[in-house]
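Working notes for the structure below.
The values are calculated or read from the model by the stated rules, or taken from the named source; none is laboratory data. Because the structure is predicted, anything quoted here is derived from the model rather than measured. Cβ: placed from backbone, ideal geometry, glycine included. Neighbour counts: every protein chain shown. Ligands, DNA and RNA are excluded from the accessible area calculation, which covers all protein heavy atoms including side chains. Shrake-Rupley method; radii C 1.70, N 1.55, O 1.52, S 1.80 Å.
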Amino acid sequence: MDRECVSLLPRVCEVLADSARSLPDDTSLEKLLDWFTELTKTGGSLLESCPCLLEFISTAVYNPTLDPVVLSFTLKLTGLVAASEDGFRMLQECSVLDLVFNLQRWKEAGLWDDPSIRIGWIRGLQSMLQNLKALSFFVQSGFIEPLLQLQKDTSLFVASAANQMLAHTMLFFQPPFSAGSNGISKKAEDDQRIDASSTAITMDTSAEYTAVVLAISKYFKESLVPSENAQQHQSLQLLKLLTLLLDQARPLLRETLLRSIGDSLEELVESDHSHLTLPLMDVILAAHSSSRADKPDKHITHLLSSMMDINKPAHLIHAAAAILRRGHHDTDHTRWAVNILLLPLNIITGQSLLGSSTAAVKHQFSTMEYLKHKTSCISMLCVSLANTPKITQMPADVLPCPPGVIVTAVLSLLGICSGYTSLSHTGCNVVFRNIIGSGKVQKCALETLTALSCCPGAKEELSAVFTVLIHYLNNPDSDPTVLQKSYQALIKWMSVCKDFCSVTHQLRQNLLEVVKKRVCDMRWEVRDSTIEFLGKMAGLMKPAGEECDILGSPTCTTALLREALKDPESYVRASSISALAQTQANSWQQGAAVTQEQTEIVSQLLQILSQDTEGLARRAVIQYFIAWFSYSSTHPPPSLSTSSSSLLMNSVRSVLSLGIADLDWEVKFHTLKLAGLLLDETFSSHSSKSSDSNPALLHPYAVVSKQAYTLHTQTGTQTEVVESDFAGVLSNLVELGVISALLCGLVDCDRPVGLKACQLLITLRDTVCPLSLRALDATTAMATVAMVSCEVPGWGWGQEIKNTLAMKASDWDNKLSASAEKSFSGADEVDSEEEREHGARVGGDCVRVGVCEVLRGLDLDERLNVLTQSSDHVLNSPLSLLQDILTANATHAHPNTQPGKEVIVDCY
């Protein structure tokens, strides 16, 4: 532990134990507790490291006037200290444990009614229950009964905490295996291999653990079946807990539980609590799965059969869904579940999905009656649809029909919902009124249809899918979410099937007309979804001539997207820019000549980057140029002067200068990514790529490694020709504005921007700059590299660079310092005629400085060391936390504290 923290902790404990003092932010106690928890994980003793904690606990427990939050913290801290055997023994010797966890004392003090005290009591005991001595204390103190009572606490947080502690106690101390068991299951065999030396129940403690198990099992038996509606939530929680216990219990505990709860489970199966069906089925399946393969539990097998035979459609379909969700591998049970889940879809659409299934025939009438009620119809149908994609992936011996028939049924259902399908087929017309116009069913069915694109035989259904989805897209009553899901389904089917020509010309023409209409919809959400669809469709298309275009001429698509660049909604503008990048990919192909349309698009994008008031659209512009440059780098044209790449390179300087000066940090960050691509491409023959192959996967504010790039440094065999190349490419980077963008980003106020710029500048420095000043005289080529200069303004970021260099000037070689000082003097005052002429040439206050001089003088490694640390590495440190508590208390205690001047403790 940090020595300074140790020195401050006694004063902090004194503050916490004084009821006359208060804290402005209770979360500081949770942070303090988290710190103590981390210390215990390292294997150290809290009382040895922080002996003042024992005195604090002893003082606080005798002071009922303390804030309940501080007392709750004391309970939790006591349990944390007692988690180790040494800590438990020391607290026992001081008689602290009996005082802290004496429930009657808290009741007599009138504090037990405070939920924070009850939470502290539970969390403290749970933390303590890490050793057998603590278990003995728990049982002998009679804490089992209060814990069970807290399962019904009016506070959901307290009840949940009690629930978690109950599970911890039963599972943590269970015996590693049951002695003398033969033919045990694979799970039990694995259980026997567990090293449970620290928690194994001995002869001395087995009676105590048995007492806990019997008490909890009895509680399950008496509380599982709700006697009134108010108790149904409690039953639900207990069923979830039982599933957890049965999944993780070893044979002895599992058998004890099942013997105790068997009758209660059977009573639940026969009751009418439909919302308990799923968790009840989970319990039964967990028990069934854990039974010995050669000797399954007859009671549990009977319960499973009862659930599969119950004549209540709502219970039935949830039971079937539970079987599929838990991945039950029994073929008979799975086949039954599939037929039950397909039954509602079969009844409504009239499709032959079930064959000669006896289970379906048996329950057909009751399900039909259930579907006549709107609420229950929609609920049951959504359960059926949600499981349909998984059903189509089942083996042939489980499926009652070909997957294509199931796709047809879903399409038929979508048609019924929108009034598109005729109601004269053999389906159940009486329930149609329940689903016509139902947005919930439509959305669920569209999501199912999207997932069904991967089912066997999907390709044959492409035209039918197109027909139904075009109807939905053309329906004036479709809400934006339904339209969005229709587009998503269409894209997914197109991307999977990739057989555009199988769709008739008439359908393709209909789709084009619908898209033209929707791109002008009054609702921006619809316009946005349509634009996204156009972009994704363009991404699926191959170059013209290789395959038929689903939306006709690419020129038509581009025209729609360019018009959307003027949309009043920024989301639509951003989507149109992204979609344009996808449509233009084919025009960026190898050797393609610059077109007038491309030139106009670039002009529009630069205008958006410089004038759009919303960051979304400006970010999209930068991403457009990143995509363009990335594509061009992997598809180099034979002639730069005649290809679209020439237009790209002519635009780069404007993009970088506008992007790095943006007010939105993400625009600046992506601008630096573009600059990084330019660096990688320029030095691809001299340095390797970043070790982070996909930096987009890292959150920009995350703590990162200092070694962001792996560089190939030049060896003694490098030639002056290569060094001369460095001078040339460095000059080119200056002309493109890359160096200016990086320097500007380096001093940016947003950490991700500064970090990215610093990493790239280090890459540049280590690649092209001589390793030492003496190297300047080594070769003419090195001197040439060192002479490459860039223009720096005397204001804004240029002034900050100047100030940074001035502070580091004392570390430079005298010659370099003088040179840099002279070159920067024009920023403030022009003394000589030569400098005045130079200032005029570069535009007033701007000056030119050596690139290598700046890169060596900025102390980039030190800056990287600071930037790679998280912004809370100081604010959320233990030392900062302790100082905050002391400072906050001093401020609150001061009688002249002005309103609004309170010290706020660091956010947790």
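Here is a list: Ala840, Ala818, Ala775, Ala827. Which entry is modelled with pLDDT under 50 and touching a strand residue (DSSP E or B) at 6+ places or on another chain (Cβ under 7 Å)?
It is Ala827.
Residue by residue through the range 107-127, note down the ones that are under 18 Å from Thr154 (Cα atoms) and in a helix (DSSP H, G or I).
If the condition is that a residue be under 18 Å from Thr154 (Cα atoms) and in a helix (DSSP H, G or I), then Lys107, Pro115, Ser116, Ile117, Arg118, Ile119, Gly120, Trp121, Ile122, Arg123 are the ones that fit.
Each row is one residue, and each column tells you yes or no for (1) open to solvent by 60 Å² or more (accessible area, probe 1.4 Å); (2) touching a residue at least 60 places away in the same chain (Cβ under 8 Å); (3) farther than 21 Å from Trp665 by Cα; (4) in a helix (DSSP H, G or I).
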site: Lys566; (1), (2), (3), (4): yes, no, yes, no
site: Ser575; (1), (2), (3), (4): no, no, no, yes
site: Ala579; (1), (2), (3), (4): no, no, yes, yes
site: Ala585; (1), (2), (3), (4): no, no, yes, yes
site: Glu600; (1), (2), (3), (4): yes, no, yes, yes
site: Ser603; (1), (2), (3), (4): yes, no, yes, yes
site: Leu606; (1), (2), (3), (4): no, no, no, yes
site: Ser610; (1), (2), (3), (4): yes, no, no, yes
site: Thr613; (1), (2), (3), (4): yes, no, no, no
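For the range 874-908, how many residues are surrounded by 12 or more Cβ atoms within 10 Å (Cβ to Cβ) and at pLDDT below 70?
The total comes to 13.
Just name the residue that is modelled with the lowest pLDDT out of those in the range 633-663 that are within 15 Å of Gly676 (Cβ to Cβ) and surrounded by fewer than 24 Cβ atoms within 10 Å (Cβ to Cβ). Break it down into steps so the answer makes sense when it comes.
Filtering the range 633-663 for residues within 15 Å of Gly676 (Cβ to Cβ) gives 633, 652, 655-656, 659-660.
Next, only the ones that are surrounded by fewer than 24 Cβ atoms within 10 Å (Cβ to Cβ) stay: 633, 652.
Numbers: Ser633: 76, Val652: 93.
It comes out as Ser633.
Being modelled with pLDDT under 90, of a type in the set (D, E, K, R) and open to solvent by 40 Å² or more (accessible area, probe 1.4 Å) is the filter here, so list the residues in the range 434-483 that pass it.
Selection gives Lys459, Glu460, Asp477.
Residue-by-condition table, conditions (1) among the small types (Gly, Ala, Ser); (2) more than 37 Å from the chain's Cα centre (by Cα); (3) closer than 20 Å to Phe432 by Cβ:
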{"site": "Ile348", "(1), (2), (3)": "no, yes, yes"}
{"site": "Glu369", "(1), (2), (3)": "no, yes, yes"}
{"site": "Ser376", "(1), (2), (3)": "yes, no, yes"}
{"site": "Ser384", "(1), (2), (3)": "yes, no, yes"}
{"site": "Lys390", "(1), (2), (3)": "no, no, no"}
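For the range 223-256, give me the residue count where each residue is more than 34 Å from the chain's Cα centre (by Cα), closer than 18 Å to Asp272 by Cα and not small (Gly, Ala, Ser).
Within the range 223-256, residues that are more than 34 Å from the chain's Cα centre (by Cα), closer than 18 Å to Asp272 by Cα and not small (Gly, Ala, Ser) number 6.
Among the candidates Lys362, Lys390, which residue alone is surrounded by fewer than 19 Cβ atoms within 10 Å (Cβ to Cβ) and in contact with a Leu (Cβ under 7 Å, 6 or more places away or on another chain)?
From the options Lys362, Lys390, the qualifying one is Lys390.
State whether the residues of the range 126-138 include one that is closer than 20 Å to Ser84 by Cβ, touching a Gly at 6+ places or on another chain (Cβ under 6 Å) and in contact (Cβ under 8 Å) with a residue 12 or more places away in the chain.
Kept after step one, since they are closer than 20 Å to Ser84 by Cβ, are these residues of the range 126-138: 126-138.
Those left that are additionally touching a Gly at 6+ places or on another chain (Cβ under 6 Å): 127-128.
Subset that is in contact (Cβ under 8 Å) with a residue 12 or more places away in the chain: 127-128.
Within the range 126-138 (the criterion being closer than 20 Å to Ser84 by Cβ, touching a Gly at 6+ places or on another chain (Cβ under 6 Å) and in contact (Cβ under 8 Å) with a residue 12 or more places away in the chain), the answer is yes, since at least one residue qualifies.
Of the residues Leu414, Leu381, Leu385, Leu353, only one is hydrophobic (A, V, I, L, M, F, W, C), touching a residue at least 12 places away in the same chain (Cβ under 8 Å) and not in a helix (DSSP H, G or I); which?
Unique residue meeting the criteria: Leu353.
Within the set of pairs 6+ apart or on separate chains, which have a first residue in the range 80-101 that is closer than 24 Å to Thr42 by Cβ, a second that is assigned to a helix (DSSP H, G or I) and open to solvent by 70 Å² or more (accessible area, probe 1.4 Å), and C-beta atoms under 6 Å apart?
Listed by first residue and then by second, the contacts come to Phe88/Lys133.
Could you please find all residues in the range 79-102 being within 41 Å of the chain's Cα centre (by Cα) and assigned to a helix (DSSP H, G or I)?
Residues satisfying the conditions are Gly79, Leu80, Val81, Glu85, Asp86, Gly87, Phe88, Val100.
Looking at Thr65, Thr59, which one is assigned to a loop (DSSP other than H, G, I, E, B), surrounded by fewer than 21 Cβ atoms within 10 Å (Cβ to Cβ) and out of contact with any strand residue (DSSP E or B) (no Cβ under 8 Å at 6 or more places or on another chain)? So that I can check it myself, show each step before the final result.
Values: Thr59 fails: assigned to a loop (DSSP other than H, G, I, E, B).
Unique residue meeting the criteria: Thr65.
Just checking, how many residues over the range 128-142 are open to solvent by less than 10 Å² (accessible area, probe 1.4 Å), assigned to a helix (DSSP H, G or I) and closer than 17 Å to Val96 by Cβ?
So the count comes out to 3.
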